[in-house]
Amino acid sequence: MHACFEKTGGPEVSVLAEVPVPTPKADEVLLKVEWTGANFIDNYRRSGLYTVPLPYVQGQDIVGTIVQLPSSGGDLPLGPLKVGQRVFTTAGHSFAEYAVAPAWQVAPLPDSIDAKDGVSLATVTLTALTLLREAYPVQKGDYVLVRAAAGGVGLVLVQLAKAFGAHVVGTVSTPEKAQQAREAGADLVLLSSAPSEENVKQIVEWAGGKGVHAVYDGIGKDTWEEDFLVVRPKATIVTYGNASGPVPPFSPLKLTPKVLKVTRPSLFPFIDNPEDFARYAREAVQLAQDGKVKFAVHKVYPFSEEGVRQTQVDISSRGTTGKLLIQVS
Ligand SMILES: NC(=O)c1ccc[n+]([C@@H]2O[C@H](COP(=O)([O-])OP(=O)(O)OC[C@H]3O[C@@H](n4cnc5c(N)ncnc54)[C@H](OP(=O)(O)O)[C@@H]3O)[C@@H](O)[C@H]2O)c1
């Protein structure tokens, strides 16, 4: 059984279909999926904002057990894998009972970590880590702004930016979300419903009167212009998502007055080889084991047509905090 769509559209185009167990390629493992989860990118693919081949099996991120090892053998940076071992992966087509993944793209999930948390160790934590380590490498003492600070990626960005020594301000849409962002460690949280000029003034004053060193913005269109007002000279705007729509085209001259850098990262190019995936996966597991990052779960959804569609409705609704999980088996 897997969830897929044959044409782009709203959540209603997702259907559950009976399918044979997939056959792994020589360098892939076959996984029995236990847990997966919704990511905002599901919407971009399903709606057609990001082009995918049709029909498309939905989802990315798996916690599951290895059913079949790769036939090609070879060393893996995270060590040898075993049948029956529980692993996590950022692999796609995860809304399925069985899925395949390149062997180098799966990481052992230690028994000390709850299986559900393994889903958040995949896209959410690896995204937050690559943003903080490479998109704008956060320095101790930096002032940074995290948009949608109570979202799936947002809550992890807040915790890790704090763990790496930054001062963190978050923006969120509701007082309940503000409370969650504060509990995650944000030093200041502002409501995005407040007048923009007020928020800009508060952020700039809080950040030493100069503005923040970096903005991590997954909202996109709606916050784009404000990002330019809250940063200090020589800052970096990390625009990493389109929750409100993609940012508009702009002239490089827009960067000149404050000599800014803008970067538009995506997780997968950062981890597209065994060594980088292993390095980030190891760090993610260590941070979870050290208690530096904890994962909030919005809700657990059943693996049914209705359950899958509801994840897509809910993650787009601005009503969720933390991770939306799907229990497959
Ligand atoms: N570049 C990458 O590799 C990468 C990887 C993972 C995720 N992302 C991006 O990171 C962002 C967060 O992803 P996520 O899966 O963790 O989702 P999420 O943050 O749990 O949900 C999106 C949040 O965006 C905010 N938002 C603001 N305007 C919105 C609008 N018009 N419609 C819907 N939401 C709006 C909402 O928070 P408030 O209500 O508090 O505003 C909402 O909760 C997304 O843009 C996603 O595409 C990028």
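Checking residue 291 against (1) more than 16 Å from the ligand (Cβ to nearest atom); (2) in a helix (DSSP H, G or I): exactly one of these is not met. Which one? The single condition residue 291 does not satisfy is (2).
Restricting the search to region 21-51, which residues are under 30 Å from residue 245 (Cβ atoms), assigned to a loop (DSSP other than H, G, I, E, B) and either near the ligand (Cβ under 10 Å from one of its atoms) or in contact with a Gly (Cβ under 9 Å, 6 or more places away or on another chain) (or both)? Matches in region 21-51: 39, 40, 48, 49, 50.
Answer with yes or no whether residue 253 is of a type outside the set (Phe, Trp, Tyr) and within 15 Å of the ligand (Cβ to nearest atom). The answer is no for residue 253. If only residues of region 141-174 that are within 18 Å of residue 206 (Cβ to Cβ) and assigned to a loop (DSSP other than H, G, I, E, B) are counted, the one that is farthest from the ligand (Cβ to nearest atom) is 141.
Tally up the residues in region 221-246 that are of a type outside the set (Phe, Trp, Tyr), under 21 Å from residue 132 (Cα atoms) and within 11 Å of the ligand (Cβ to nearest atom), please. Count: 6.
Is it the case that residue 112 is of a type in the set (Ser, Thr, Tyr), in contact (Cβ under 8 Å) with a residue 40 or more places away in the chain and assigned by TED's automatic domain parsing to the domain that holds residue 275?
In short, yes.
Selection of first residues in region 307-329 that are of a type in the set (Gly, Ala, Ser) and of second residues that are assigned to a helix (DSSP H, G or I), restricted to Cβ pairs under 6 Å at least 6 apart or on distinct chains, gives the following pairs, ordered by first then second residue: 316/43; 322/155.
In region 301-329, what residues are within 16 Å of the ligand (Cβ to nearest atom) and either closer than 17 Å to residue 113 by Cβ or in a loop (DSSP other than H, G, I, E, B) (or both)? 317, 318, 319, 320, 321, 322, 323, 325 - these are the residues of region 301-329 that are within 16 Å of the ligand (Cβ to nearest atom) and either closer than 17 Å to residue 113 by Cβ or in a loop (DSSP other than H, G, I, E, B) (or both).
Close Cβ contacts (under 6 Å, 6 or more residues apart or on different chains) running from residues in region 43-60 that are without any contact (Cβ under 8 Å) to a residue 24 or more places away in the chain to residues that are buried (at least 19 other Cβ atoms within 10 Å of the Cβ) comprise 52/45. Among the criteria (1) hydrophobic (A, V, I, L, M, F, W, C); (2) in contact (Cβ under 8 Å) with a residue 12 or more places away in the chain; (3) within 14 Å of the ligand (Cβ to nearest atom), the one residue 207 does not fulfil is (3). Annotation note: of 87, 124, 119, 106, the sole residue that is free of Cβ contacts under 8 Å to residues at least 60 places away in the same chain and crowded, with 21+ Cβ neighbours inside 10 Å is 87.
Taking region 175-248 as the region of interest, the helices (runs of 4 or more DSSP H) fully inside it that hold 1 or more residues being of a type in the set (Lys, Arg) are 175-183, 196-206.
The values are calculated or read from the model by the stated rules, or taken from the named source; none is laboratory data. A quick note: this is a predicted structure, and the numbers were derived from the prediction, not measured. Backbone-built Cβ (ideal geometry, glycine too); neighbour counts: all protein chains shown.
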